[in-house]
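S.K.: The structure under discussion is supplied below as C-alpha cells; questions concerning it will follow.
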Amino acid sequence: MLRKNDAGRPLPANALHVLQNGLYVQRKEFPMATKHEDHLSLRHEAVVAAAKAAGLLSGTNSAVGARVPRELINRAKMRSGIASTTDLVEYALAKVALEDDFGARLVGRKGSIPADVALGI
C-alpha cells in the first residue's frame, strides 16, 4: 500500500510514518521506543545517576559542537529512547566516561590459571 500524507502526496519509504485520523503522516521527531521503554529508561537513569555520583555532571557546562551524520543521531535516539540531542550526547559521554575495563582484564588473564587447579567442570 502506498502511504500518503494529508496533502495526498506519497511518503518516502524510509520515513517514519504515523497513522493519524486515517492518514499516514511523516513525523520529524522520533518517539521513544515502546517495547523496551522501561528497560531503556532504567538504563539511562542508571548511567546518569552513576555519572552524578562520580561527580561528572557537576560544575559548569561546556558547549560541544560536532558534525555527526543525521542517521547516527536518529538511530541512537530511537535505540535509546532519548528525544533530546543534548540528553543523548550527555548519556553517550557518560557511558564512555564510566566504561570499565572488565573485558580487557578478563582477556588479559587468559592462561593465568595453573593447569593443575581443579575447576569442578
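The values are calculated or read from the model by the stated rules, or taken from the named source; none is laboratory data. Only a predicted model underlies this, so the values are computations on that prediction, with no experimental measurement involved. Don't worry about glycine lacking a Cβ; one is built from the backbone with ideal geometry, like all the others, and counts go over all protein chains shown.
S.K.: For a quick check of your reading of the model, give me the residue pairs whose first member lies in the range 65-88 and is closer than 22 Å to Glu45 by Cβ, whose second is in a loop (DSSP other than H, G, I, E, B), with beta-carbon atoms closer than 6 Å and at least 6 apart or on different chains.
M.R.: Taking only residues 6 or more apart or on different chains, the pairs are Lys77/Phe30; Met78/Phe30; Gly81/Met32; Gly81/Ala33; Leu88/Ile82.
S.K.: Go through the range 61-108 and tell me which helices (runs of 4 or more DSSP H), entirely inside it, have 1 or more residues that are in the same structural domain as Leu42 (by TED's automatic domain parsing) and at pLDDT below 90.
M.R.: Values: elements: 70-80, 85-98, 102-108.
It comes to 70-80, 102-108.
S.K.: OK, next. Take the residues in the range 90-117 that are without any contact (Cβ under 8 Å) to a residue 12 or more places away in the chain and surrounded by 10 or more Cβ atoms within 10 Å (Cβ to Cβ); name whichever of them is farthest from Ala66 (Cα to Cα).
M.R.: Among them, the one singled out is Gly108.
S.K.: What about Gly103, is it at positive phi and out of contact with any strand residue (DSSP E or B) (no Cβ under 7 Å at 6 or more places or on another chain)?
M.R.: Judged against the criteria, Gly103 is not a match.
S.K.: Working only within the range 79-90, note down all residues that are of a type outside the set (S, T, N, Q) and more than 15 Å from Asn61 (Cβ to Cβ).
M.R.: Arg79, Gly81, Ile82, Ala83, Leu88
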